[in-house]
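As structure tokens, the structure follows; a few thoughts come after it.
The values are calculated or read from the model by the stated rules, or taken from the named source; none is laboratory data. These numbers were taken from a predicted model, which means no experiment stands behind them. Methodologically, a virtual Cβ is constructed for each residue, glycine included, from the backbone with ideal geometry; neighbour enumeration extends over all protein chains shown. Accessible surface areas use protein heavy atoms only, side chains included; no ligands, DNA or RNA. Shrake-Rupley method; radii C 1.70, N 1.55, O 1.52, S 1.80 Å.
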Amino acid sequence: MSRDRQLHLGAFMRPASIHTGAWRYPGATPDANFNFPLLKRAAQTLERGRFDAFFMADHLAVLNMPMEALKRSHTVTSFEPFTLLSALAGATERIGLVATASTTFDAPYHIARRFASLDHLSGGRAGWNIVTTSNPDAALNFGLEEHMEHGERYDRAREFYDVVTGLWDSWADDAFIRDVESGLYFDPDKLHVLDHKGPNLSVRGPLNIARPPQGWPVIVQAGASDAGRQLAAETAEMVFASGSTLALGQRFYADVKGRAEKAGRDRNHLKILPGAFVVVGDTVEEARAKRAKLDSLVHYESAIASLSIALGTDASGFDPDAKLPPIPESNASKTGRERVLELAEREGLTVRQLAQRLGGYAGLAFVGTPTTIADEMQAWLDGEGSDGFNVMFPYLPGGLDDFVDRVVPELQRRGLFRREYEGTTLRDHLGLPRPGNRFFPQG
């Protein structure tokens, strides 16, 4: 069976599971975050499952929750993304390698060099997840006493994107002649000095790395605030969304694709992949029991800390058995706050119930058999709620193996997912064009 539209699948790795109780689950690997042989095996398994990309999330602070919660969490420490993905580039051949890098706490020249290098090392498989970093504690690790305001972070991010992509275009694709006999290594006429001077950034250039194989590594974005959606519509080629229901997913999908078209872009050149936590069982009841077991492994101290972070305010003093009190605006992630408030309202949860849900994972979840999970994924694809999913696994290695060995074959049987890679680059996997060079349109 063939279809015009097929699912795209990314794997959300931190580098292990997002679920706070994952490291304690029977059969899990407690040291997964720093176990390179396990992570290499995971990447190779995902490649065997023909996933589009391995996505490495990142954090720039550890002390972002009370110590009583912090000491129980495996999600606050991990490898540095470029180091890990560069190592995985040599252990894989086709799967895309997407890294998070902050526009708030890094310099454009650094980011441009790292992603260009990763794209060359991997043969054109790199992707940049643009984040503005919502955690205020990160500012303290970069010489700042206060976190940059939300709107200011997005203004900087938009300019940052222009600078990085401009640096990637420093060289024409055919600039490097390498003529041994004449001694001419590159053509000076095919080198552009960016010389950017803007409201937030000043970068001379040029980049000291040849243009990446993909032209530009794939641009990824995950913000869902109004500013985040606009940034995605103008710049992103893949969006990691956070809709917890199909109706919410459809609204987000229509909004961001519509904004992209208004910005003069082809809506098909922007792929929207909501995060989906997937638990597989022989029966729906077994899968739900697995999820319940996972959630039971989250301590209340961790749960209430997660709720505090999401709300941008200290929730430790709230009555655990009452509904949420009014929550003021904060400088933390607006997306996370709104998602939690909507969940609490929709399901009538108490603070305790909300914290326990959030302490594990509170977003979109497919918990069932390979058949029911494929049914739900197909409904999202056919209903224009998504172009695929950024899959989150309950634990490593078993939760990942369950998806690749059991769900992927069912998706393939239905014609919803590829059986083989049709290209070698991440752009090939996603059906995205290679961007032209703005300074050298002819080469």
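Would it be correct to say that His150 is free of Cβ contacts under 8 Å to residues at least 40 places away in the same chain and either surrounded by fewer than 18 Cβ atoms within 10 Å (Cβ to Cβ) or over 21 Å from Pro212 (Cα atoms) (or both)? So His150 does not fit the description; no. Scanning the stretch 105-115 for residues that are in contact with a helix residue (DSSP H, G or I) (Cβ under 6 Å, 6 or more places away or on another chain) and open to solvent by less than 10 Å² (accessible area, probe 1.4 Å), we see that the one that is farthest from Val193 (Cα to Cα) is Ile111.
Out of Thr75, Thr83, one residue alone is open to solvent by less than 30 Å² (accessible area, probe 1.4 Å) and either closer than 24 Å to Ala232 by Cα or among the polar types (S, T, N, Q) (or both). It is Thr75. Report, by residue number, each residue of the stretch 378-411 that is over 20 Å from Met56 (Cβ atoms) and surrounded by fewer than 18 Cβ atoms within 10 Å (Cβ to Cβ). Hits for the stretch 378-411 are Gln378, Ala379, Asp382, Gly383, Glu384, Gly398, Asp405, Arg406, Pro409.
When Gly275 is tested against (1) assigned by the TED database to the domain that holds Leu426; (2) open to solvent by 50 Å² or more (accessible area, probe 1.4 Å); (3) small (Gly, Ala, Ser), just one condition goes unmet, and that condition is (2).
When the stretch 201-245 is filtered for residues that are open to solvent by less than 10 Å² (accessible area, probe 1.4 Å) and without any contact (Cβ under 8 Å) to a residue 60 or more places away in the chain, the ones remaining, listed by number, are Ala232, Ala233, Val239. Is it the case that the stretch 109-128 has a residue that's among the aliphatic types (A, V, I, L, M), more than 20 Å from Asp31 (Cα to Cα) and in a strand (DSSP E or B)? Yes, because at least one residue in the stretch 109-128 is among the aliphatic types (A, V, I, L, M), more than 20 Å from Asp31 (Cα to Cα) and in a strand (DSSP E or B).
Hey, any hits in the stretch 350-363 for a residue that's buried (at least 18 other Cβ atoms within 10 Å of the Cβ), hydrophobic (A, V, I, L, M, F, W, C) and not in a helix (DSSP H, G or I)? Within the stretch 350-363, one or more residues are buried (at least 18 other Cβ atoms within 10 Å of the Cβ), hydrophobic (A, V, I, L, M, F, W, C) and not in a helix (DSSP H, G or I). For the stretch 320-349, the set of residues classified as of a type outside the set (Val, Ile, Thr), open to solvent by less than 60 Å² (accessible area, probe 1.4 Å) and in a loop (DSSP other than H, G, I, E, B) consists of Pro320, Ala322, Leu324, Pro325, Ser330, Asn331, Ala332, Ser333, Gly348, Leu349, listed by residue number.
Criterion applied to Leu307, Leu248 was being part of a helix (DSSP H, G or I) and open to solvent by less than 20 Å² (accessible area, probe 1.4 Å), and the one residue passing it is Leu307. Quickly run through the stretch 275-303 and pick out the residues that are in contact with a Pro (Cβ under 8 Å, 6 or more places away or on another chain) and among the hydrophobic types (A, V, I, L, M, F, W, C). If the condition is that a residue be in contact with a Pro (Cβ under 8 Å, 6 or more places away or on another chain) and among the hydrophobic types (A, V, I, L, M, F, W, C), then Phe277, Val278, Val279, Val280, Leu294 are the ones that fit. Checked against (1) of a type in the set (Asp, Glu); (2) within 30 Å of Arg48 (Cα to Cα); (3) in contact with a strand residue (DSSP E or B) (Cβ under 9 Å, 6 or more places away or on another chain), Glu93 passes all but condition (3). Among the residues of the stretch 153-170, those that are open to solvent by 20 Å² or more (accessible area, probe 1.4 Å) and either polar (S, T, N, Q) or free of Cβ contacts under 8 Å to residues at least 60 places away in the same chain (or both) comprise Asp155, Arg156, Asp162. Can you name every residue in the stretch 58-98 that is within 21 Å of Leu38 (Cβ to Cβ) and assigned to a helix (DSSP H, G or I)? Within the stretch 58-98, Pro81, Phe82, Thr83, Leu84, Leu85, Ser86, Ala87, Leu88, Ala89 qualify. Any residue in the stretch 158-169 that is modelled with pLDDT under 95 and farther than 19 Å from Ala116 by Cβ? The answer is yes; a qualifying residue exists. Being assigned to a strand (DSSP E or B), aromatic (Phe, Trp, Tyr), open to solvent by 20 Å² or more (accessible area, probe 1.4 Å) and modelled with pLDDT of 95 or more is the requirement here; does Phe55 meet it? Here the answer is no, as Phe55 does not meet what is asked. Against the condition in a loop (DSSP other than H, G, I, E, B) and modelled with pLDDT of 95 or more, how does Asp189 come out, does it pass? No. Applying a threshold of 6 Å to beta carbon distances and a minimum spacing of six or more residues, or different chains, the list of pairs starting in the stretch 371-398 at a residue that is under 15 Å from Gln412 (Cβ atoms) and at pLDDT 95 or above and ending at one that is charged (D, E, K, R) and surrounded by fewer than 24 Cβ atoms within 10 Å (Cβ to Cβ) reads Ala374/Glu410.
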